[in-house]
Amino acid sequence: MISVQNLHKSYKDNEVLKGISLTVEKGQVVAIIGPSGSGKSTFLRCLNVLEQADKGQITIDDVAVDIANLTNKKTELLRHKTAMVFQNYSLFKNKTVKENITMPLVTVQKKSQREADSIAENLLAQVGLSDKENFYPNSLSGGQQQRVGIARAVALNPYAILFDEPTSALDPELVGEVLQVIQSLALSNMTMIVVTHEMSFARQVADHVVFMAEGYIVEQGTPEEIFNNPKQERTKKFLQQLS
Ligand code: ADP
Ligand code: MG
């Protein structure tokens, strides 16, 4: 499982995470919702150690770290437990679709090119992009690029995938195909934390919903609890603004 205890992060004197504690069971899908600026992206980046938190404990699977005593070795171990999917896809523009997936497998995970190719081919078939293997990202739609981004994350065989607003940059008509891929991963029991503005998706796919505001987890519960019976005023207000 993933267990986060009392995570704090400041940028200079701006405290962005003010003691976040969260547990995610293996195979669970957790949706994080909340207004912009509340620390959602920072939280994911701290979990993936793209950003180092100031204080707190993070356990992912068999790697447990106290941020205060984070060694390079532990950073590396923790980082490899999760894979990120970003809003802007962040694919390598000068690599083909297939190379985008195989490159980290060969360079970081030291897999053979043949094994990496086979993993990439399987995953591209799963996200419906077998015919785009040799295309460059710029010749794909946003929805297709994001499906490559997801395939690349899955290829790393992480303990969990962290999605940071994976559909926010997409034209509305392309959102569905990406959410469908994420939903199919949920059905395959992948552990996922998804920061999203897509409330109907969160309601449908998440096992657990977390509402964040101003660096705190204000409220968390089942989709039913959060969307139908929010207890905190702050949550009610946020949800009202959306409808
Ligand atoms: P969210 O994803 O919920 O919109 P963020 O985690 O992106 O929120 O940002 C939370 C706060 O942290 C914001 O006030 C933002 O300006 C600040 N912040 C985020 N990243 C940085 C950074 N690299 N340097 C300084 N401040 C940052
Ligand atoms: Mg964000």
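The values are calculated or read from the model by the stated rules, or taken from the named source; none is laboratory data. Computed from a predicted structure; not experimentally measured. Because the Cβ atoms are built from the backbone with ideal geometry, glycine has one as well, and the counts that use them run over all protein chains shown. The area values use the complete protein model at the heavy-atom level, side chains included, leaving out ligands, DNA and RNA. Shrake-Rupley method; radii C 1.70, N 1.55, O 1.52, S 1.80 Å.
Key figures for this structure:
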read-out: Relative contact order, percent, the chain [alpha-carbon distance under 8 Å, six or more residues apart]; value: 26 percent
read-out: Where labels lie 7 Å past Cα in the beta-carbon direction, separation of Gln240 and Thr71 in nm; value: 5.3 nm
read-out: The range 147-243: C-alpha gyration tensor shape, a/c 1.5 cut-off, then a/b vs b/c; value: prolate
read-out: Estimated vicinal HN-Hα couplings, Hz - the range 124-132 in sequence order (Karplus 6.51, -1.76, 1.60; Gly, Pro = x); value: 5, 5, 4, 9, x, 10, 4, 6, 10
read-out: Charge tally in the Cβ shell below 9 Å around Ala160, where Lys, Arg are +1 and Asp, Glu are -1, Ala160 excluded; value: +1
read-out: Nitroxide proxy distance, nm - points 7 Å out along Cα→Cβ at Ser188 and Lys231; value: 3.7 nm
read-out: Local net charge near Ser10, Cβ-Cβ under 14 Å (Lys/Arg +1, Asp/Glu -1); value: 0
read-out: Summed residue charge, Cβ within 12 Å of Ile119's Cβ, Lys/Arg positive, Asp/Glu negative; value: +1
read-out: Heavy-atom accessible surface of the chain: percent carbon and sulfur, 1.4 Å; value: 45 percent
read-out: For the range 10-151, accessible area per residue (1.4 Å probe, heavy atoms of protein chains only), Å²; value: 49 Å²
read-out: Among beta bridges that DSSP assigns inside the chain, antiparallel share in %, nearest 5; value: 55 percent
read-out: Theoretical ellipticity at 222 nm over the chain - DSSP helices of four or more residues, -39500 (n - 2.57) apiece, nearest 500; value: -11000 deg cm²/dmol
read-out: Trypsin sites (Lys or Arg not before Pro) within the range 10-63, DSSP loop, no more than 11 other Cβ atoms inside 10 Å; value: Lys12
read-out: With at most 14 neighbouring Cβ atoms within 10 Å, loop GluC sites (Glu not before Pro) (DSSP) excluded, longest segment of the chain; value: 26-213
read-out: Sites matching chymotrypsin sites (Phe, Trp or Tyr not before Pro) across the range 54-98 that sit in DSSP coil, with at most 16 neighbouring C-beta atoms within 10 Å; value: Phe92
read-out: Shape of the chain, Cα gyration tensor, a/c cut at 1.5; value: oblate
